[in-house]
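Scroll down for the structure; my scribbles are underneath it.
The values are calculated or read from the model by the stated rules, or taken from the named source; none is laboratory data. In this text, all values refer to a predicted model and were calculated from it rather than measured experimentally. As a convention, Cβ positions derive from the backbone with ideal geometry for all residues, glycine included, and neighbour counts pool all protein chains shown. In case anyone asks, the SASA skips ligands and DNA or RNA and just uses the protein heavy atoms, side chains included. Shrake-Rupley method; radii C 1.70, N 1.55, O 1.52, S 1.80 Å.
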Amino acid sequence: MREPPPTTPAGDDRLWRPDFVYSALLLAMAVVAVTVAAADPGLLARGHGIGTAGFFIVFGLFTIAAGFPHPVFGHVSFDRVAQVMSVLVLGPVDAAWVNGLASLMYPWQRLRLGVSLRLVVTASLHNAGLMTLVILGGGLMYEYVGGAIPIPVLDSVSGMLVLVLVFSMQLINDVGMMFMLYLRNMDPRLVFNGFTMVVEYVSAAAGILLASAFASESLPYFVLLLAVLVAGMLVIMRYALMRVSLEKLVDDRTEELRIQAEEFERQATHDKLTGLPNRRHADSYLQQQVDFAQRRKRGGALALADVDHFKRINDGYSHAIGDQVLARVARILREGCRNTDLVARYGGEEFMLYFPDTGVDRAMQVCSELRRAVQGADWSDIAPDFAVTISFGLAEIRNHVHSRTILDEADTRLYRAKREGRNRVIAA
């Protein structure tokens, strides 16, 4: 059995979701179909008692439980063993309700794993309805083409008839699964998965062997064969779980390495104190932007900013207060610029700002607003009369002028702002 993973779209825990309605209708159809099919012969009409039915229910539960998680289908199990065997021993009608009951019961154990009640109910209804119709439809097709129940000793003729059973069951199962995947906004083509199909066909072959042994071999032989197959399923399940665990470990480690690589990259290009891009990143970015602006004949403006009298802050209050001032100034600058603008810590108390597609007049207005924002910020948490100001030097991107030259121009104007009294913006 392949079952879609028990997931719910974010914020959607409605009971009457399409997949729930479909599952409820599927089970209702299955109940009606079994009732109609059992009207003439009745249940357990082939001479098997309630004990045999109970065995198949327990065996069906075991083959479902002896499964493993799958990245596409939430759960892949060996229940085709019990389904095929029960059809060839009990007949389509009894096999349908017996395995349907097992499929109805199994999902409820997920409640203890924290799965929501809605998902458990949906899985229970869907699995029971679909498996009942799969077994009933495939079994009736098997009888229609002349398949014998119980199955005789396998030969070429009976083998071909059994293939009709297996392929019919697979076809009905895939159609039902595709529709459920569609309702869950998943790709229906995911049903055609080579690995899961191999599991189901191998499980069907094991069910045929068990049915043949049940009908024609001694009880000790059947019990031995059953024990060997059960052991094989448990071993496969164990290795599958180990594989899933290893894959998860690899995925988790890969994700950790990806996060570490991103962090290393960020540390290499960003300033730890302010969170802004550092000088290395700023220089590279500026060269790219200048080349782009000159190639496309676009505008751009560059500003260098420097916190006034920063050495006095460090010496008079402490380097920790200085760091606090830098972090707050960085936040003011970043919040006062567009997302497309670059704000970088260029070194010490110096910042670089780049304004793409912006003339120097507009850049000067922005820098003036930033200067006033820094001066007008509340610094009283540091000291009652504490004040911070900042100076800016501006340069404009021009054709055939190297980024280094533009930086030198901005730097020259920044120092002119310092000489003329600080707390001001100087452009050409």
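Here are the numbers for this structure:
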{"read-out": "Count of residues meeting criterion [hydroxyl-bearing (Ser, Thr, Tyr), under 17 Å from VAL290 (Cα atoms) and in contact (Cβ under 8 Å) with a residue 60 or more places away in the chain] in the range 341-366", "value": "1"}
{"read-out": "Matching residues, the range 217-274, being open to solvent by less than 60 Å² (accessible area, probe 1.4 Å) and outside any helix (DSSP H, G or I)", "value": "HIS270, ASP271, THR274"}
{"read-out": "Neighbours by Cβ (under 6 Å, 6+ apart or cross-chain): first from the range 30-51, of a type in the set (Lys, Arg); second at pLDDT below 85 and surrounded by 13 or more Cβ atoms within 10 Å (Cβ to Cβ)", "value": "none"}
{"read-out": "Qualifying residue in the range 287-302 (condition: more than 27 Å from ARG362 (Cα to Cα), without any contact (Cβ under 8 Å) to a residue 60 or more places away in the chain and of a type in the set (D, E, K, R))", "value": "no"}
{"read-out": "PRO150 being under 24 Å from ALA33 (Cα atoms), surrounded by fewer than 17 Cβ atoms within 10 Å (Cβ to Cβ) and not hydroxyl-bearing (Ser, Thr, Tyr)", "value": "yes"}
{"read-out": "Those residues of the range 113-147 which are closer than 19 Å to ALA33 by Cβ and of a type in the set (Ser, Thr, Tyr), in sequence order", "value": "SER124, THR132, TYR142, TYR144"}
{"read-out": "Test set (1) within 29 Å of the chain's Cα centre (by Cα); (2) in contact (Cβ under 8 Å) with a residue 24 or more places away in the chain - LEU276 fails condition number", "value": "(1)"}
{"read-out": "Matching helices (runs of 4 or more DSSP H) fully within the range 82-201 where at least 2 residues are modelled with pLDDT under 90", "value": "117-144, 156-183"}
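Yes or no, residue by residue, for (1) in contact (Cβ under 8 Å) with a residue 40 or more places away in the chain; (2) open to solvent by less than 20 Å² (accessible area, probe 1.4 Å); (3) in contact with a Ser or Thr (Cβ under 6 Å, 6 or more places away or on another chain); (4) of a type outside the set (A, V, I, L, M):
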residue	(1), (2), (3), (4)
GLY336	no, no, no, yes
ASP378	no, no, no, yes
THR389	yes, no, no, yes
ALA395	yes, yes, no, no
HIS402	yes, no, no, yes
